[in-house]
Amino acid sequence: SATHDSCSTDRGEVTDDTIQLYSRLALGGAGLIISGFAYVHPTGQAFLHQAAIDSDDRIAGLKRLTEEVHRYDAKIALQIAHGGLNSRAFRKRGGIPWAPSSEDDKAAKESHRAMTAAEIEAIVDAFGLAAKRAQEAQFDAIQLHAAHSYLFSQFLSPCSNKRNDRWGGGLENRMQ
């Protein structure tokens, strides 16, 4: 199962420690490895040393990772995510995390702001671009992280999504 492996640089680049961790998993006989979650946009970085797939310059390092795993005939999926209001690393760099709504809910312990319609569209595009980059880096699959109070689950929950536009209200809109 995917985790936060803390092996990347503080800006999300693959390191030798990243390669070594996944190499050991593949060598140990794992049939499918699901990577630690990678952020798709700089505003969605939840932790320092979290993997990133937010730009094309990440592809080479990630391809190095997949090639190493494939050497042992294992498969690897990249889990992609956006931290939403839980983008702690983004906050540490001075940013105000993005969320579906600005209204506080029980999960929101720190300040955040509601995303604009344009920002929502940008994040939708960021997920698509991340999937394309993962394919270019030769991942075998992609897993969308939709749990643990990150952005997808924030949009799904009526507790954190209090929007009254096409992304809020009833479940059908919240699922968009």
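The values are calculated or read from the model by the stated rules, or taken from the named source; none is laboratory data. No experiment lies behind these values; they were computed from the predicted model shown. Using ideal geometry, Cβ is built from the backbone for each residue, glycine included, and neighbour counts are taken over all protein chains shown. Accessible surface is based on the protein model in full, side chains and every heavy atom, while ligands, DNA and RNA are left aside. Shrake-Rupley method; radii C 1.70, N 1.55, O 1.52, S 1.80 Å.
Structure notes:
- Flag for Lys162 being among the basic types (Lys, Arg), open to solvent by 40 Å² or more (accessible area, probe 1.4 Å) and closer than 20 Å to Asp54 by Cα: no
- For Asp5, the conditions (1) acidic (Asp, Glu); (2) touching a residue at least 12 places away in the same chain (Cβ under 8 Å); (3) part of a helix (DSSP H, G or I) all hold with the exception of (3).
- Verdict on Asp125 being in contact with a His (Cβ under 7 Å, 6 or more places away or on another chain), of a type outside the set (Lys, Arg) and over 17 Å from Ile34 (Cβ atoms): no
- Complete set of residues in region 67-81 that are outside any loop (DSSP other than H, G, I, E, B), farther than 18 Å from Leu144 by Cα and either at pLDDT below 95 or open to solvent by less than 10 Å² (accessible area, probe 1.4 Å) (or both): Val69
- From Ala117, Ala99, Ala46, Ala51, residue being open to solvent by 10 Å² or more (accessible area, probe 1.4 Å), among the small types (Gly, Ala, Ser) and out of contact with any strand residue (DSSP E or B) (no Cβ under 6 Å at 6 or more places or on another chain): Ala117
- The residues of region 8-40 that are assigned to a strand (DSSP E or B) and either of a type in the set (Val, Ile, Thr) or closer than 20 Å to Leu151 by Cα (or both), listed by number, are Ile33, Ile34, Ala38, Tyr39.
- Restricting Ser111, Ser87, Ser101 to those that are touching a residue at least 12 places away in the same chain (Cβ under 8 Å) and over 18 Å from Phe155 (Cβ atoms) reduces the list to Ser111.
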